[in-house]
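The values are calculated or read from the model by the stated rules, or taken from the named source; none is laboratory data. Note that this is a predicted model, so its numbers are computed, not measured. Cβ atoms come from the backbone with ideal geometry, glycine included; neighbour counts cover every protein chain shown. Remember, those area values only see protein heavy atoms, side chains included, never the ligands or the DNA or RNA. Shrake-Rupley method; radii C 1.70, N 1.55, O 1.52, S 1.80 Å.
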Amino acid sequence: MSKRIFLIVSVLVLASLILAACAPAATPAPAVEEPAAEEPAAEEPAAEEPAAEEPAAAGALKIAILAPLSGSVPTFGVSTRDGALLAIKEWNAKGGVLGMQIEPVVEDSQCEADPSVNAANKVIDQDGVHYIVGEVCSKASIPISEIAQEKGVVQISPTSTNETVTLKADGTTKEYVFRACFIDPFQGKVGAKFALDNLGAKNAFILFDQGNDYVRGLAEAFEATFTENGGTIVGKETYTSSDTDFSAILAKVSEAKPDIVYLPDYYNIINLVTAQAKEKGITAPFMGGDGWDSADLDRAAADGGYYTNHYSDQDTRQIVQDWVKNYQAEYGSVPDALATLAYDATNLLIAAIESAGVDDPAKVKDSLAAISWEGVSGTITYDEFHNPIKAAVILQVKDGEIVYVATVAP
Ligand code: PHE
């Protein structure tokens, strides 16, 4: 940057600071040192205990929302962003937090590791965020969690259910990493028990994507509970996320004649596999997990299928019905589990910032670990691994509707 441009930029920065200081916001803008003349440094050294002395510009507190807005599961991203933004809007309408307005920083992390790592580094190093809501997908949240933990940034994933999201390799808890959802060992168990006890299934066939942490973990959890309780796995086949033709593995399903097919993947894969299964004349019901939850689930192809999930919009609790009404007023659609958990996760995080009383992630992580918060998806308190203990619901795809079947407490 030339001296002259730098001077103009400095004057502009100063002018905006003065304007901000004159604005009716509660906190006076602190005098900020002149920024270095170079381009913004791409990489700031990661401090062990991140200092709180550098508030975001103009007294705003930034919260990053990392979600898959593009890629294979875009409805996950849109719902997550919208749920989180609604929570932020409500806090801001009440005056924000710690006297600051909350500024969302939204990045598209695509439900994939590399874009997620880039997005996390960008929001931390360039935008200076101390708090991340995201990602949705476990395989994206896991690499983000390594960065959050290393850089001392608080991360809360609304929906990543794989057990390892909050765990270090040695099995201890990542102090800075939290989630707002139950975990897959529980979700898989609920699915398996329901198949055995309520559907009377004795034989199950499992189809899963070996390369997806969430899918693999859920398949393992289902198998363990199903077999421990007297069920038999009559076949197990893998595919990859880029497959589009499932005829070879579906031929094996036809042959094995299972009572149920467990397919714990995301809706884009469910749509392909269940449509091809119908063409093949497979009548055994499919069953899966929260990854089925999407406005773009092909309800005709998946008809008769069951899935475990975090929430049902048919829940009659007042807090749920108020939420459905508010969300509908804002966006014109019924909130899915992703929107609901993003709303809960964002509220939880902001409540923890408020109770910490300071914009310091090292303090906020401690207040989050100790929180008790009544969310739309249930009351959240954390166990030692930063997992909330929460009930699951079972839903059925039936005649074009998503029908609430049961709630299963842990
Ligand atoms: N649980 C999924 C995962 O960990 C993400 C997901 C949650 C998808 C809820 C849809 C609904 O990858």
Taking segment 174-210 and keeping residues out of contact with any Gly (no Cβ under 7 Å at 6 or more places or on another chain), part of a loop (DSSP other than H, G, I, E, B), open to solvent by 10 Å² or more (accessible area, probe 1.4 Å) and more than 13 Å from the ligand (Cβ to nearest atom) leaves GLU175, LEU199, GLY200, GLN210
Any chance you could count how many residues in segment 149-173 are open to solvent by less than 10 Å² (accessible area, probe 1.4 Å) and either within 16 Å of the ligand (Cβ to nearest atom) or not assigned by TED's automatic domain parsing to the domain that holds LEU66 (or both)? 8
Identify, from the list ALA342, ALA301, the residue that is touching a helix residue (DSSP H, G or I) at 6+ places or on another chain (Cβ under 6 Å) and assigned to a loop (DSSP other than H, G, I, E, B). ALA301
In segment 357-396, how many are surrounded by fewer than 20 Cβ atoms within 10 Å (Cβ to Cβ), of a type in the set (A, V, I, L, M) and closer than 29 Å to LEU199 by Cα? 2
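If I filter segment 128-138 for residues that are assigned to a strand (DSSP E or B), within 14 Å of the ligand (Cβ to nearest atom) and either in contact with a strand residue (DSSP E or B) (Cβ under 6 Å, 6 or more places away or on another chain) or of a type in the set (Gly, Ala, Ser) (or both), do I get at least one hit? Quick ask: steps written out before the conclusion?
Taking segment 128-138 first, the residues assigned to a strand (DSSP E or B) are 131-134.
Now restrict to residues that are within 14 Å of the ligand (Cβ to nearest atom): 133-134.
Going one step further and asking which of them are either in contact with a strand residue (DSSP E or B) (Cβ under 6 Å, 6 or more places away or on another chain) or of a type in the set (Gly, Ala, Ser) (or both), we end up with 133-134.
Yes, the conditions are met somewhere in segment 128-138.
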Identify the single condition in (1) open to solvent by 70 Å² or more (accessible area, probe 1.4 Å); (2) assigned by TED's automatic domain parsing to the domain that holds VAL165 that ASP399 does not satisfy, given that it satisfies every other one. (2)
Report, ordered by the first and then the second residue, all pairs with beta carbons closer than 8 Å, sequence separation of six or more or different chains, a first member in segment 68-81 that is assigned to a loop (DSSP other than H, G, I, E, B) and modelled with pLDDT of 95 or more, and a second member that is among the charged types (D, E, K, R) and within 13 Å of the ligand (Cβ to nearest atom). PRO68/GLU112; PRO68/GLU135; GLY71/GLU112
Suppose we filter ILE88, ILE144 for residues that are among the aliphatic types (A, V, I, L, M), in contact (Cβ under 8 Å) with a residue 12 or more places away in the chain, within 13 Å of the ligand (Cβ to nearest atom) and assigned to a helix (DSSP H, G or I); which single one remains? ILE144
For ALA275, work out the one condition from (1) assigned by TED's automatic domain parsing to the domain that holds CYS111; (2) away from the ligand (no atom under 15 Å from the Cβ); (3) closer than 29 Å to GLU220 by Cβ it doesn't fulfil. (1)
Taking the options ALA180, ALA169, name whichever one is out of contact with any strand residue (DSSP E or B) (no Cβ under 7 Å at 6 or more places or on another chain) and hydrophobic (A, V, I, L, M, F, W, C). ALA169
